Structure formats: structure tokens, C-alpha cells
């Protein structure tokens, strides 16, 4: 039997990896949107205006995780200004941007979920479910942001390795 045969069952399907051995490092994406704490509100609006609208990870120059800005964080900040759930109306978002001196550090959520690279996927799933978040961030011992783990990334990984 060759090594490829060792990797498949008699029906030709790949053998399942043991789910307890999967860690955050195995499923995290190292490609995530980052902004500096002094990023302007206008730049944040521009970043969220693209086709994809991923959360923005706020990091210092050395990559230290400071917080996250979700589209909901942005809208919560803008709600009183643009009139969502408010009687006060502004005719254009550009007017808000020009009149406000807000930066990323002012509107980011500082207490977002983080885990280490070694965190087991089962613990990641427990945290995502408990806090009803679609993603969390992987940081090293110094607090440097290394990646993001999303519920969709977990689903994809589990499907590929044969758990779903």
C-alpha cells in the first residue's frame, strides 16, 4: 500500500483529522484588514465602502492588537449624526467626516475576543458561540495580532478535513 492509500478509506474518501488536534493556528487567516489607531473616520468609511466589509483590526506600528472596528461600531458612532434612531439629520456623510475629528482609537472596541495560536478549535467555537461573535483574533504572548479566525473559516476547514 502506498502513502496515498494510507490517507483514504475504502470508499476513496480522505480520513478525518482528529478535531481535538486542530488549533487556532491551523485555521486562522493571516490576511486581515489592519488600521492604525490614528486612522481617520473618512478612511474608515472608505475601507467599509468596498465590496467586502471585513472588521478592521486596530494595531500599533509594531503590530500590537489594540482593538477592532466592526461596521456596527462605525454605524453606532454615526447614528446620532446621520439620524438613524435620531431626529437629527445630516444631508451627507462627507459633511460628518469634515466636521468630526474622530479616529480609529475613538470608535474601536477594545475588549474583542483574542486567543493564542495554540488555542484548540473546540475552545474557539465555544467562545464564538458564548459571545455571539463571527470572528476572533489570534495574538502572540506580546499581544501582536497574528491572524483572524472566523466561524466561516472553521466551517470550511472542518468540511475539508471531513468533519462536516
Is it the case that the range 144-151 has a residue that's in a helix (DSSP H, G or I) and over 18 Å from residue 59 (Cβ atoms)?
-> yes
Read through the list (1) exposed (fewer than 15 other Cβ atoms within 10 Å of the Cβ); (2) within 28 Å of residue 137 (Cβ to Cβ); (3) modelled with pLDDT under 75, then give the number of the only condition that residue 17 fails.
-> (1)
Counted residues in the range 20-40 being modelled with pLDDT of 90 or more and in a helix (DSSP H, G or I) come to 4
For residue 55, which of the numbered conditions (1) touching a strand residue (DSSP E or B) at 6+ places or on another chain (Cβ under 7 Å); (2) more than 24 Å from residue 131 (Cα to Cα); (3) modelled with pLDDT of 80 or more fails to hold?
-> (2)
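The values are calculated or read from the model by the stated rules, or taken from the named source; none is laboratory data. Because the structure is predicted, anything quoted here is derived from the model rather than measured. For neighbour counting, all protein chains shown are included, and Cβ atoms are generated from backbone atoms with ideal geometry for every residue, glycine included.
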